[in-house]
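Participant: Got a structure for you, questions after.
The values are calculated or read from the model by the stated rules, or taken from the named source; none is laboratory data. Every value quoted in this text rests on a predicted model; they were computed, and no experiment measured them. Cβ coordinates were reconstructed from backbone atoms using ideal geometry, including for glycine residues, and neighbour counts include every protein chain displayed. Note: accessible area is taken over every heavy atom of the protein model, side chains too, but ligands, DNA and RNA are not part of it. Shrake-Rupley method; radii C 1.70, N 1.55, O 1.52, S 1.80 Å.
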Amino acid sequence: MELTQEMSKVEVSGFEAKYYDILMNIITLGWYPSFIRKVVADMDLKPGERILDFGAGTGRNALLMREHVGEEGRIVGLEIGEEMKAAFMKKTAPYDNIILEDRRIDDALPYEEAFDHVFISFVLHGFVQEKRDAIIANAYRALRPGGSFAILDYANFDVDKAPGWIRFAIRKVECPLAEDFIRRDTLSMLKRHGFEDFAENNYLRKHIRLLKAYKPSR
């Protein structure tokens, strides 16, 4: 089967987008809020750092990251969904160091060595490989030397050998692009774009991973 971008489920709209945070809390039986808070803590952010948030969604992640970078830090979210943008603006309105830009993350971006971290959460898997490469290239270009590209997404594993509930989620709930992503070697993908050092935190029996890829220091 040929994979196409039309198969993706990462660009949500309508009811699902309007109530995205609530639906995530319900679907995960209340697990998601504490999980994403731990993930952000595992990013090891520092006060004053600058973060570029790919596919920023409702702003929940941006608010959590702000707790670590503080008032001196800066978070730039990129989002194109109308409902998501509205939620992001409402949530982050009190904070002038969180801004939102209407940009596709798979198009060429204007940032060059401007950020300490680029963050992407459960978005990269939802693109065909050509677009994944474009997103990774954008992240590399946007990062300062020594900066990290933090990817929260599915780990690489054998779906056929995964527990039944994982197989069901990947093959019945997710789009076909997700299994394609899982089967690829993400580290090799990142190395092709210049990333050299890596660190990871694993969750959900190593089926979900926060992979941090570092741009070489000069």
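Participant: Six or more apart or on different chains, Cβ atoms under 6 Å: show the pairs whose first residue is in the stretch 172-194 and within 11 Å of Gly126 (Cα to Cα) and whose second is buried (at least 17 other Cβ atoms within 10 Å of the Cβ) and of a type in the set (Val, Ile, Thr).
Facilitator: Ala178/Ile170; Glu179/Ile170
Participant: Also, quick follow-up: For the stretch 75-128, enumerate the residues that are in contact (Cβ under 8 Å) with a residue 40 or more places away in the chain and of a type in the set (S, T, N, Q).
Facilitator: Residues of the stretch 75-128 in contact (Cβ under 8 Å) with a residue 40 or more places away in the chain: 80-84, 87, 100, 105, 111, 114-128.
Answer for the stretch 75-128, where residues must be in contact (Cβ under 8 Å) with a residue 40 or more places away in the chain and of a type in the set (S, T, N, Q): just Ser121.
Participant: Output the number of residues of the stretch 44-59 satisfying the condition of being within 17 Å of Leu210 (Cβ to Cβ), out of contact with any Gly (no Cβ under 6 Å at 6 or more places or on another chain) and crowded, with 22+ Cβ neighbours inside 10 Å.
Facilitator: 6
Participant: Something else now. Which one of these does Glu82 not meet: (1) open to solvent by less than 60 Å² (accessible area, probe 1.4 Å); (2) more than 13 Å from the chain's Cα centre (by Cα); (3) more than 20 Å from Gly194 (Cα to Cα)?
Facilitator: (1)
Participant: Still on this model: Only one of these conditions is not met by Phe181: (1) of a type outside the set (Asp, Glu); (2) under 15 Å from the mean Cα position of the chain (by Cα); (3) assigned to a strand (DSSP E or B). Which number is it?
Facilitator: The failed condition is (3).
Participant: Right, another one. What residue, of Arg218, Arg144, is open to solvent by 50 Å² or more (accessible area, probe 1.4 Å), farther than 24 Å from Ile27 by Cα and not in a loop (DSSP other than H, G, I, E, B)? Give the steps one after another, and end with the answer.
Facilitator: Working: Arg218 fails: not in a loop (DSSP other than H, G, I, E, B).
Sole residue among the options that is open to solvent by 50 Å² or more (accessible area, probe 1.4 Å), farther than 24 Å from Ile27 by Cα and not in a loop (DSSP other than H, G, I, E, B): Arg144.
Participant: Determine, yes or no, whether Phe157 is at pLDDT 95 or above, surrounded by 14 or more Cβ atoms within 10 Å (Cβ to Cβ) and part of a strand (DSSP E or B). Give the derivation first.
Facilitator: Details: at pLDDT 95 or above: yes; surrounded by 14 or more Cβ atoms within 10 Å (Cβ to Cβ): yes; part of a strand (DSSP E or B): no.
It is false that Phe157 is at pLDDT 95 or above, surrounded by 14 or more Cβ atoms within 10 Å (Cβ to Cβ) and part of a strand (DSSP E or B).
Participant: In the stretch 165-200, what count of residues is obtained for those that are farther than 26 Å from Val12 by Cα and open to solvent by 40 Å² or more (accessible area, probe 1.4 Å)?
Facilitator: 10
Participant: A further question follows. Any residue in the stretch 49-60 that's within 18 Å of Ala93 (Cβ to Cβ): show its pairings with residues that are polar (S, T, N, Q) and open to solvent by 10 Å² or more (accessible area, probe 1.4 Å) at Cβ separation under 7 Å, as long as the two are six or more apart or on different chains.
Facilitator: That search, which allows pairs on different chains as well, returns Asp53/Asn61.
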